[in-house]
Amino acid sequence: MNDLDCREFVEQVTAFLEHALDPEAEQRLVDHLALCDGCERYLDQVRRSVTDLRDLPADALPDETRAALLEAFRARTE
Amino acid sequence: MEELPPDDVLVARLRDGDDKTFALVLDRWSGGLLRLARSFVSTEASAAEVVQETWVAVIEGLDRFEGRSSLKTWVYRILTNTAKRRGLREHRVVPMSSVDDSGPTVDPSRFRPAGDPFPGHWWDFPPLWPTPEQGMLRHEVQAQLRTALGELPERQRLVITLRDVEGYGSEEVCALLDITAANQRVLLHRARAFVRGKLEEYYTQEANR
């Protein structure tokens, strides 16, 4: 293990994913990942959470609201 | 999903009163607008009203749109302004600097203490999650995610909703919420760690049933 520990690793996961770390700090994380299955799993789970959030289906507007807005749009040009 | 035409085409058609184009953007963007509104106000009904008010303002303001941001960003800004006004009335808006965003995002008891031969390392690795094929119902996971988002402090919920649910880039989110890149990252980090923790809780519970 290098000098970066898991407790520090988990706090830098977002900066790592955003490519916001300086090259040296990034290298420390990469090196830690190569040695630590726990942190590799943690990082994967953060990634998977992000993907799952992206797949959340959106709600739709209530039908009557949608109809009223279309009506308002048509009225605009009249 | 079918690509929307580029902004200049969209705007020209909308100004011409093309209601098919209006219906297209209305249906495409209202879901995201509803989620964003929900971050500011206290009920679904209130959020739907904010979205309605936003679209009315868009219809009325179309001729004033100058194209300095994308059309969608312009609509989102109108929404955040409308929602903030309403959230204030509902006494729900937390000033952007008042929530404590410091401290570890993972329970310190998960790591070995000082004096251990491996201080700061996991006692136990985070438990494995089932792969999506292992029968965990998609909509159950989605319900967990919605609940987790609802439990987040407001600023964190706003940032993770825009970034991860809506897929906005960090620069757009900083501009939209008027926060620094570093601040945005801290809020996103805390929010993601919270959501991951909630999913871990859920998967662990399910595994032990």
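The values are calculated or read from the model by the stated rules, or taken from the named source; none is laboratory data. These numbers were taken from a predicted model, which means no experiment stands behind them. Neighbour counts run over all protein chains shown; Cβ positions are idealised from the backbone, glycine included. These area figures cover heavy atoms from the full protein model, side chains too; ligands, DNA and RNA do not enter into them. Shrake-Rupley method; radii C 1.70, N 1.55, O 1.52, S 1.80 Å.
Chains A and B together bury some 4700 Å² of accessible area, summed over both sides, with a 1.4 Å probe.
Just to be sure I understand: with springs between alpha-carbon atoms less than 10 Å apart, which residue in A:R48, A:R66, A:R28 has the highest mean-square fluctuation in the Gaussian network model of chain A? It is A:R66. From its DSSP helices (H runs of at least four residues, each -39,500 (n - 2.57)), chain B gives a residue-normalised ellipticity at 222 nm of -19000 deg cm²/dmol. Once C-alpha pairs closer than 8 Å and six or more residues apart are averaged by separation and normalised to the residue number of chain B, the relative contact order reads 19 percent.
Each semi-axis of the equivalent ellipsoid for chain B is √(5λ) with λ an eigenvalue of the Cα gyration tensor; in descending order they amount to 38, 20, 16 Å.
In the neighborhood of B:F194, defined by Cβ-to-Cβ distances under 10 Å, what is the net charge if each Lys or Arg adds +1 and each Asp or Glu adds -1? Around B:F194, the surrounding residues sum to +4.
For the residues of B:182-192, the average number of beta carbons from a partner chain within 10 Å of their own beta carbon is 4.
Whole-percent P(r), the protein assembly as shown, all Cα pairs, 5 Å bins from 0: 1, 5, 11, 14, 15, 14, 12, 10, 7, 5, 3, 2, 1, 0, 0, 0.
For chain A, averaging the sequence separation of C-alpha pairs within contact (under 8 Å, six or more residues apart) and dividing by the residue count gives a relative contact order of 29 percent.
Please report, as a whole percent, how much of the solvent-accessible surface of the range B:114-199 comes from carbon and sulfur atoms (probe radius 1.4 Å). Result for the range B:114-199: 57 percent of the exposed heavy-atom area is carbon or sulfur.
Just counting partner chain Cβ atoms within 10 Å, what average do the residues of peptide A:3-9 show around their Cβ? If you can, show how the numbers build up before the last one.
On the way: counts 1, 1, 7, 11, 10, 3, 4.
Average neighbour count from other chains, rounded to a whole number: 5.
For B:K198, the lysines whose Cα falls under 29 Å of its own Cα, not counting residues fewer than eight places away in the same chain, are B:K84.
Relative contact order of the range B:7-89, taken over Cα pairs closer than 8 Å and 6 or more residues apart, is 36 percent.
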